[in-house]
Amino acid sequence: MANTYTKLNLHIVFHVKKTRIRIRIEDLPTVFKYIGGIISNVGGIPLAVGGISNHIHILAIMPKTMNVTEFVRVIKANSSKWIKTLDDYYEPFAWQEGYGAFTVSSSAINVTKQYIENQAKHHHEEPVIDEYKRLLDENGIEYDERYLLND
């Protein structure tokens, strides 16, 4: 084939380091918008960015020029660096090292977008750790509970 064609829809989840501070609720919309800008700047397409003060969900079409590890690293490194500039409160801010990344079929894009946009409501019913385990289980990913969401 002479050309490369891809459309990789990814649902990415990552958490603030437990030993660090959380994102203030009033700053979340700005953080979500900034993360969407990072994704666009590297050639991806942000479809939804949301979450709550201790973790972020992203639904994006990955750029064909990057692998998943590089894509997530760029998002986390650039957003962390930028968040620290918002206020002295954020000086010790950091994301945890790991992340979850799950492929999303084109037919599930709208459902996944709604899920991400309703994170605040969702977490009144399901703790973050339970959500993360459920996502891993639904995607057939084996894990060791001792290391989930730990620094």
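The values are calculated or read from the model by the stated rules, or taken from the named source; none is laboratory data. All values reported here derive from a predicted model rather than from experimental measurement. Using ideal geometry, Cβ is built from the backbone for each residue, glycine included, and neighbour counts are taken over all protein chains shown. To get the accessible areas, we keep the full protein, side chains included, count just its heavy atoms, and leave off ligands, DNA and RNA. Shrake-Rupley method; radii C 1.70, N 1.55, O 1.52, S 1.80 Å.
Remark: the chain carries a charge dipole of roughly 480 debye about the Cα centre, counting +1 on each Lys and Arg Cβ and -1 on each Asp and Glu Cβ. Bridgeable lysines around Lys17 (alpha carbons under 23 Å apart, same-chain partners fewer than 8 residues away excluded): Lys33, Lys76, Lys81, Lys84, Lys121, Lys133. Across the accessible surface of the range 1-91, with the other protein chains kept in place and a 1.4 Å probe, carbon and sulfur atoms take up 52 percent. When each of the peptides 27-34, 108-115 is scored by the mean number of other C-beta atoms lying within 10 Å of its residues, the order from highest to lowest reads 27-34, 108-115. Simple rule: put +1 on each Lys or Arg Cβ and -1 on each Asp or Glu Cβ in the chain, find the dipole, and look at Gly43, Ile25, Leu149; the Cα lying farthest toward the positive end is Gly43. In the range 64-120, the ratio of gyration radius to Kirkwood radius, Rg to Rh, stands at 1.06 when only Cα atoms are counted. Over the range 93-151, what percent of the accessible surface lies on carbon and sulfur atoms, probe 1.4 Å? On the range 93-151, the fraction of accessible area on carbon and sulfur atoms equals 47 percent. For Thr30 and Asp137, a Förster radius of 41 Å and the Cβ-Cβ distance give a FRET efficiency of 0.80, rounded to the nearest 0.05. Per residue, the convex hull spanned by the alpha carbons of the range 15-122 comes to 96 Å³.
When peptides 140-149, 40-49, 54-63 are sorted by average Cβ neighbour count within 10 Å, with the highest value leading, the order is 54-63, 40-49, 140-149.
Expressed per residue, the C-alpha convex hull volume of the range 1-51 stands at 103 Å³.
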